[in-house]
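Comments concern the structure below.
No lab work stands behind these numbers, since they all come straight from the coordinates. Just so you know, these numbers come straight off a predicted model, no measurement behind them. Glycine also receives a Cβ, built like all others from the backbone with ideal geometry; neighbour counts cover every protein chain displayed.
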């Protein structure tokens, strides 16, 4: 059989082949969900005709990228990947959703051919736009195909993606909506009636409507969408459970019975030995086709966390002199620009805050590599995940309160996918001052503390910020770097020279001993470090204070901290964050696990604060210079 070319009509032979391919896929879908007694067979059967067409006649030949956003239709994805010969069909059927199997309930990057694991709805389409954006930035002409469910369009992130794709004219992006008109709990009309055609058209997309089970019509529509000058969406009218009689009748009646319910073994066996039974001739046809498959997906690769990316040029640190007061966000902007000059794969994303988060510094010289998603933090983070998988190093910046709350789900799914996204948040803690409690991120570190592949950092001053930004650029993994808004002094050594100078080398998890003492150990982070140093210097004739700066929340430095605490026996932690899931919790946990007998006082933000000057708020919250000085005197009394 000749593989058809885009723009040419399908022959009767092509259509007969596709019907055979879809039938075999439906056989796998019913078999795997029945064997697992869980899964989502209905939507898998409604979308499989499109996937069969797409993979058989395009992906099998070109290897262009496909992102399936409604990851619960994993039976359909695994079924078509098996038919292409990419994964073993029998293994999928036997181990689907079973412990220890890579064929999880929602698609995962452990499976060859799955580029991004999805589950929470709305995320995958933003990732796909990141893939499309990467192709545009690379100057390539490869098409990106995305698939989503119609109920998924309830998600606000989908609208964020629509406008981003339209703004950046992602004409290489083709989205297929499995428009079976059924959501988990009932029909679209019952749950959330929306007009998808008008919605996508209003966002500037080219909209096509087609019968999602008519191969000729879908092939013709694909040809049009690929050649379009705008992002294109194909609304494929389908039937949930199509091709399997015991499901299709309910789907045609817009019942959601088969959204997430697996067929009983006896019901499944009747279909597998009847309408879905593959003949010897059909099996031969599929075997012959697999010999025509030109492209094969690479085996999944897992890059070690914090490993050095050897191709990255980190340049020379920008060191501010003694006596300087500077905000960390400006140091970030300057470092980012310097790194962007050296590394063309660095891109920056922001959510209408370029001037505040200082990505505008890079934008002035590299406007095409600084992407503004608008006020759309969720899309920004997922899009960055897609860009990182395509080889770019994306820096995402917004305020800490938005990064870690609105976009937590998106960051979490990036974490699961082991992406390489650099999240740099400004305006964290009470440093944001007058903006008030809605913008004062005092719980942000806790949002990401439980993530396994995201590393949390907080620089002590502008100079350490520069070092940290260069470090995260050259080391693999997701990072969350938090910093305040106001200017703070450059941290100095006892001799009056900058501590974080040209000779300093940032080491993840290494705490910095800034002042030596014997009475008290003060462990500080971020903007509290300069306060701790100032207090230690002021009290040096009365109280001997040892000051240790911690930059990595999830990986403390036990050698430095334990040695100090064994000497002093007194601990004060101070942070511009709440004590429940920040620095205090981490340090206290280490002390407890080591069995140290230490007197502890944790200075932290223990209540929402109102608007006010940052230093007034610090004292009001009990973390300012006066508060720390009083705590030092009290703990030795």
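Computed from Cα atoms, the angle from the helix 156-167 axis to the main principal axis of the chain rounds to 80 degrees.
Of all beta bridges that DSSP places with both ends in the range 325-489, some 10 percent have antiparallel geometry. A simple spin-label model places pseudo-atoms 7 Å from Cα toward Cβ; at residue 311 and residue 267 they are separated by 5.1 nm.
Ordering of 51-57, 143-149, 68-74, 491-497 by packing is 68-74, 143-149, 51-57, 491-497, highest average first (other Cβ atoms within 10 Å, averaged per residue).
Among 299, 135, 434, the ranking by other beta carbons within 10 Å of each residue's beta carbon, starting with the fewest, stands as 299, 434, 135.
Take every DSSP beta bridge with both residues inside the range 90-235 and express the antiparallel ones as a percent of the total, to the nearest 5. That works out to approximately 5 percent antiparallel. Annotation for the range 260-329 versus the range 157-235: alpha-carbon center distance of 23 Å. The calculated 222 nm mean residue ellipticity attributable to helices in the chain amounts to -12000 deg cm²/dmol, summing -39500 (n - 2.57) over DSSP H runs of n ≥ 4 and dividing by all residues. In terms of its alpha-carbon gyration tensor, the range 566-637 comes out oblate; a/c meets the 1.5 threshold, while b/c is at least as large as a/b.
Against the empirical 2.2 N^0.38 Å (N residues), the range 399-441 has a Cα radius of gyration ratio of 1.31. Rg/Rh for the range 12-290 stands at 0.94; both radii use Cα atoms, and Rh follows the Kirkwood definition.
For the range 325-489, the alpha carbon convex hull comes to 96 Å³ per residue, rounded to a whole number. For the range 381-463, the alpha carbon convex hull comes to 93 Å³ per residue, rounded to a whole number. For q values of 0.11, 0.22, 0.23 Å⁻¹, compute log₁₀ I(q)/I(0) with the Debye formula on a Cα-only model of the range 4-120, without solvent. Summing over Cα pairs of the range 4-120 leads to -0.33, -1.25, -1.35. Once you have a ≥ b ≥ c as the square roots of the Cα gyration tensor eigenvalues for the range 165-257, tell me rounded if a/c is under 1.5, and otherwise prolate or oblate according to whether a/b is larger than b/c. Oblate. With a/c under 1.5 counting as rounded, go ahead and sort the range 458-497 into rounded, prolate or oblate using the C-alpha gyration tensor (a ≥ b ≥ c being the square roots of the eigenvalues; past the cut-off, prolate if a/b is larger than b/c, else oblate). Note, shape of the range 458-497 comes out oblate.
Could you list log10 I(q)/I(0) for the range 293-392 at q = 0.10, 0.18, 0.24 Å⁻¹, which the Debye formula gives when each Cα is one point scatterer? Per q value, in the given order, log10 I(q)/I(0) is -0.38, -1.01, -1.34. Counting only Cα atoms, the range 86-211 measures 45, 44, 26 Å along its principal axes, largest extent leading. A convex hull fitted to the Cα coordinates of the range 512-635 yields 93 cubic angstrom per residue. Once the chain from residue 538 to residue 201 is taken as fully extended at 0.36 nm per residue, the excess over their C-alpha distance is 114.8 nm. Candidate values (i) 30.1; (ii) 26.5; (iii) 24.4 were compared with Kirkwood radius over Cα pairs in Å computed on the shown model; the agreeing label is (ii).
Look at the alpha carbon pairs under 8 Å that are at least 6 residues apart: their mean separation over the length of the chain gives a relative contact order of 12 percent.
Among beta bridges from DSSP that stay inside the chain, the antiparallel ones total about 15%.
Here residue 606 and residue 91 are evaluated by their C-beta separation; at R0 = 51 Å the FRET efficiency comes out at 0.45.
As an equivalent ellipsoid, the range 240-354 spans semi-axes of 59, 24, 13 angstrom, where each value is the square root of five times an eigenvalue of the C-alpha gyration tensor, largest first. FRET efficiency for the pair residue 304 and residue 409, taken as 1/(1 + (r/R0)^6) with r the Cβ-Cβ distance and R0 = 35 Å, rounds to 0.85.
Take the Cα of residue 229, step 7 Å toward its Cβ, do the same at residue 291, and the gap between the two points is 4.5 nm.
Applying 0.36 nm per residue to the separation of residue 277 and residue 12 and subtracting their alpha-carbon distance, the gain on full extension is 93.2 nm. Rounded to the nearest 10 degrees, the angle from helix 123-138 to the longest Cα principal axis of the chain is 80 degrees. Which whole-number percent is the relative contact order of the range 325-489 (Cα, under 8 Å, 6+ apart)? Relative contact order comes out at 28 percent. Between residue 324 and residue 626, how high is the FRET efficiency from 1/(1 + (r/R0)^6) when r is the Cβ-Cβ distance and R₀ = 25 Å? Nearest 0.05. Approximately 0.55, to the nearest 0.05.
Against the chain, whose longest principal axis is taken from its Cα atoms, helix 215-226 shows a tilt of about 40°.
Note on the range 59-132 and the range 573-611: Cα centroid distance 43 Å, given to the nearest whole angstrom.
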